[in-house]
1. Stick to Cα atoms and the Kirkwood definition of Rh, then tell me Rg/Rh for the range 1-160.
2. Mind pulling the per residue volume of the convex hull built on the Cα atoms of the range 227-367? Å³ is fine.
3. Taking the 0 to 90 degree range and rounding to the nearest ten, how far is the long axis of helix 242-253 tilted relative to the main principal axis of the chain, both from C-alpha atoms?
4. Can you list, bin by bin at 5 Å, the percent of alpha carbon pairs in the range 219-265, starting at 0?
5. Relative to the first principal axis of the alpha-carbon coordinates of the chain, what is the inclination of helix 298-317, with its axis defined by its Cα atoms, in degrees from 0 to 90 and to the nearest 10?
6. How would you classify the range 101-183 from its alpha-carbon gyration tensor, with a ≥ b ≥ c the square roots of the eigenvalues: rounded for a/c under 1.5, else prolate if a/b is greater than b/c, otherwise oblate?
7. Roughly what % antiparallel, to the nearest 5, for the DSSP beta bridges in the range 403-522?
8. Any idea which of Thr182, Gln108, Gly83 is furthest toward the positive side of the dipole for the chain, if Lys and Arg beta-carbons carry +1 and Asp and Glu beta-carbons -1?
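Just so it is clear, none of the values below were taken in a lab; they were calculated from the coordinates. None of the values given here were measured: they were computed from a predicted structure. FYI the Cβ positions are ideal-geometry reconstructions off the backbone, even for glycines, and counts take in every protein chain you see.
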Amino acid sequence: MSPSQTKILIAGAGPTGLTLALWLTRLGVPVRIFDKAAGPGETSRALAVQARTLEFHRQIGIVEDVLAAGVRLEQLTLRTPAGIAAKLPLSDFGRGISPYSFAFALPQDIHERILITHLERTGVRVERNTELVAFEDRTSSVVATLRNGGATETVCAAYLVGCDGARSAVRHGLNIGFPGGTYEQAFYVADVTGSGAVTRNGMDTTVSAYGFAIAMPVRQSGSLRLIGIVPKAHEADETITFEAIRADVERDTGIKVNEVNWFSTYRVHHRVAERFRVGRVFLCGDAGHIHSPAGGQGMNTGMGDAVNLGWKLAAVVQGRADQRLLDSYEPERIAFARKLIESTDTAFRFITSRSRLVGLFRRYLMPKILKVLLHTSFGSRAFFGLISQAAIQYRSGPISSGTAGKISGGDRLPYVLTAGGNNFEPLRSLDWQVHVYGEANAEFRAMLAPTGIPIHSFAWSDMAKAAGLHRDGAYLVRPDGHVALASPVQEAAAFQRYLAALSLRPRLAERAPYRVAGTMHSLA
């Protein structure tokens, strides 16, 4: 029997795999996605959905459903055993940086269900109870063996992507090392109903001499999600129950728990795979990197991997780009993963240190410092940039080139409000495009017309200047909203050379529109 055929085979249907499948289907690429679990997760540790992830969701048309399901956090309340130490505003602390300038929380299990719903609307269903038995890269394709119950199936795909978590079968099959370690502390996560002084439109974090605990409302159920460190006295318990640590949880969170809907414990690792790609096989998400929950970066980073790889795979399998485009995935994402591990490791060791001196600083001085910082425009914007992933850049990547103003190739396109909306609207096309902030001259338009790349021209403004853009400069923008080429002058030849080097063509190459103040004009 001949093998089944698909373009992209995705192992793992968590947030990373589902995001990859959604982006590929939006781009018109056939996919199959499978998972060894019988259904989506019922419990979750991840809560934070960062602004950059919301921007990606906006591009594929699912952000409104995500926002409706979660909680827009008005403030972060820092508590100590003595009471409230600080209230930090989060409702608009990223103003001018992103259309999603607030902190936002949505439990991962609910998030997954939204992704699944949208994927099923495209006609793609997750193949459950299905595991990867073996795979072989045959240079021109990948042949994989899948098992569901007692039945096996051979699948031939152009590419295989492992989104199958920290114990990734794909990573093991490639014999890729996963260096790092495990933190000594154990964590708990619980979904409960109860009463207490929790902020209903915010997140409460209690910092103590030995660690922290978080309490946050879950919109759909009216329950509370509690996350914290298992008390040292119970870390070595073979089985940790909620009742064993109830007194500690209630003391640390300030919540009187009436009912426990579910409870689990886990340990946190910090590791980065030695490679994110071997031939036609890629790693995304926890299959390639795992780290502490500090800053709420894990799930968002995996989804960022999926977006970065998704548009590149689509361009290559559809013949709109040379295969060398895929060579940019690993250097762009592994560099960020390594940097993230370093920063979250430092933060995690600080917030979990049992040093008396560190505990005193964490309990008494840290809330005061954060309160002062986040009540200033500079401090709040800096904090937003740190956690929102809006500051991710690929300047040292192999497909990033040029600088215009303060923006270089590899940077995320800055967010700018315009008379007709904002400059992120065209990114919904999931296509290559050129942005000009000022006036796009006729010669530049005419010379780029044969490439089919749309030009979007936005009136020069104080906000564009403040964002670091260069007046009348030109920016070639990738489908994921990062700048590929930045040029202070409208030199069409530079853009033509860039496109030719990777054999790049836009998805909608038959017409080349030109925008002035919100109006589209055909150049064909």
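1. 1.10
2. Output value, Cα hull per residue: 166 Å³.
3. Roughly 70 degrees, rounded to the nearest 10.
4. It works out to 4, 18, 33, 24, 13, 5, 2, in whole percents.
5. For 298-317 against the chain, the angle is about 20 degrees.
6. oblate
7. 70 percent
8. Result: Gly83, furthest along the dipole toward the positive end.
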